[in-house]
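Data block below; observations after.
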Amino acid sequence: MSLIAASILAADFARLAEAVAESQAAGVDRFHLDVMDGRFVPNLTFGPVVVEAIRKVSDRPLDVHAMVVEPERLAPDLVQAGASLLAFHLEATPHPHRLLEAIRSLGAKAGIAINPGTPVEALTDLLELTDQVLLMSVNPGFAGQRFIPRTYRKLERLAALRRTEGASFEIAVDGGVKPENTGRLAALGADVLVAASGLYNEKPVAENLAAYREALRDPGGALP
């Protein structure tokens with residue numbers, strides 16, 4: 001069954017430690033931390049200090065998603081702060097191969113993210129060094145956007161590429177992931193589903209997470 005990564009950016013930052021504790025008690029598999037610099041994407045969020053704070057109160061893996069220009073400059077600080085996996089954007093650096101190697105040498109898993117307009121085939125020569133490919137199913141920068149349906153085709157192509165290359169990287173999908181589309185995403189090859197506003201809203205996290213789990217158990221209820 002696909003893993004659920006809780007996108008902490010959608011939680012209430014006024015009670016961040018409580019949100020992390022509630023999410024862990026509910027049974028989320030991982031936390032997804034969006035680091036944005038206001039340059040690669042319009043929004044500005046947080047950096048290593050918040051990653052370190054969450055690391056202190058959580059024993060779950062921390063998938064850090066760096067939406068920043070020159071991610072190679074920030075990578076050491078994010079890994080030191082507690083990132084279990086650090087994913088950067090292919091579009092953000094001229095030397096992705098070098099950065100994948102550097103992240104692994106720092107002791108973390110290395111991931112690479114691509115925007116909706118970037119074809120998965122652009123990753124072919126990087127897959128042997130990649131622990132995770134993060135497919136953006138919205139344009140990055142803000143929570144609460146609607147899922148881009150063409151992501152389904154893209155996910156199919158990426159899963160086929162993984163089989164062809166004999167690779168073992170996991171596939172994560174981020175953006176507009178709700179219980180209604182989780183079954184189909186999992187069936188097409190998604191290993192990790194990033195849940196944001198579908199997990200953090202007016203309902204308890206446990207109730208929302210149960211809806212995701214049920215959708216994964218019954219993929220026949222997914223959207224066509």
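Laboratory data are not the source of any read-out in this text; all were calculated from the coordinates shown. Treat the numbers as computed from the prediction; the structure is a model and nothing was measured. Here the Cβ positions follow ideal geometry from the backbone for every residue, glycine too, while neighbour counts run over all protein chains shown.
When Lys and Arg each count +1 and Asp and Glu each count -1, what net charge do the other residues less than 12 Å away from MET1, Cβ to Cβ, add up to?
Working: positive: ARG213, ARG217; negative: ASP29, ASP191, GLU214, ASP218.
Within the 12 Å Cβ shell, the charges total -2.
Quick check: residue separation of ALA210 and ALA53 times 0.36 nm, minus the Cα distance between them. What number comes out in nm?
Numbers: separation 157, 0.36 × 157 = 56.52 nm, distance 2.69 nm.
Full extension of this stretch gives 53.8 nm more.
If we count every other residue with Cβ under 13 angstrom of ASN208's Cβ, Lys/Arg +1 and Asp/Glu -1, where does the sum land? Present the calculation step by step, with values, prior to reporting the outcome.
On the way: positive: LYS178, LYS203, ARG213; negative: GLU22, GLU180, GLU202, GLU207, GLU214.
Combined, the nearby Lys, Arg, Asp and Glu give -2.
Taking a 25 Å limit on the Cα-Cα distance, which of the listed pairs LYS154/LYS178; LYS56/LYS109; LYS109/LYS203; LYS109/LYS154 fall beyond it? Let's see the in-between values first.
Numbers: LYS154/LYS178 18 Å; LYS56/LYS109 19 Å; LYS109/LYS203 33 Å; LYS109/LYS154 23 Å.
Among LYS154/LYS178; LYS56/LYS109; LYS109/LYS203; LYS109/LYS154, the Cα-Cα distance tops 25 Å for LYS109/LYS203.
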(request) Within the set of other residues whose C-beta is less than 10 Å from the C-beta of SER168, count the net charge using Lys and Arg as +1 and Asp and Glu as -1. (result) -3
(message) If a paramagnetic tag sat 7 Å from the Cα of ASN139 along the Cα-Cβ line, which residues of the stretch 36-51 would have the backbone N under 13 Å from that point?
(response) 41-43
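Determine, for PHE88, PHE31, the number of other Cβ atoms within 10 Å of each Cβ, and report the residues in order from fewest to most.
Details: PHE88 29, PHE31 25.
Starting with the residue having the fewest Cβ neighbours, the order is PHE31, PHE88.
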